[in-house]
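A short worksheet on the structure shown next.
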Amino acid sequence: MKRFVALFVLLALAVPVYAGKRRAAWDDPNAAGVVTGYCLYYGTQQGGPYPNKVDVAPGQREVTLTLGPGTYYFVVTAVNAEGQSPYSNEASTVVQPLPATQQNLTIQIIQP
């Protein structure tokens, strides 16, 4: 499993900034056909624990998640017949809460 240590997690922020969608993508330069999948773990505490897990199919190296407001920390592992690699480096993102809705809106119908 030592060949999987070089996983790198990248986190791409989705637009708009307030949306809760985030794309987690990673590179595995050592995969070479021996990886049978990946596990993406995430949580709200830096350094873990990472209570949320997403199983990812082999060949796929990104996942789009919908998250609520807060700061999230991510790691990924590679999986093969021998087991699971150690955690990759940690990446993080901040999901901003949606702005408050506008109150007291008025509409006026204008005749042409």
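Every read-out reported here was derived from the displayed coordinates using simple, explicitly stated rules and does not represent laboratory data. Keep in mind that what you see is a predicted model, and the values were worked out from it rather than measured. For neighbour counting, all protein chains shown are included, and Cβ atoms are generated from backbone atoms with ideal geometry for every residue, glycine included.
Quick look at the numbers
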quantity: Residue 98 paired with residue 53, simple spin-label distance in nm, labels 7 Å along Cα-to-beta-carbon; calculated: 3.2
quantity: Protection proxy ranking of 63-76, 46-59 - average other beta-carbon atoms within 10 Å, highest first; calculated: 63-76, 46-59
quantity: Separation of the residue 109 and residue 36 label points, Cα + 7 Å toward Cβ, nm; calculated: 6.6
quantity: Theoretical FRET efficiency, 1/(1+(r/R0)^6), r = Cβ-Cβ of residue 82 and residue 27, R0 22 Å, to 0.05; calculated: 0.60
quantity: Label point distance in nm, residue 46-residue 71, each placed 7 Å from Cα along Cα→Cβ; calculated: 0.5
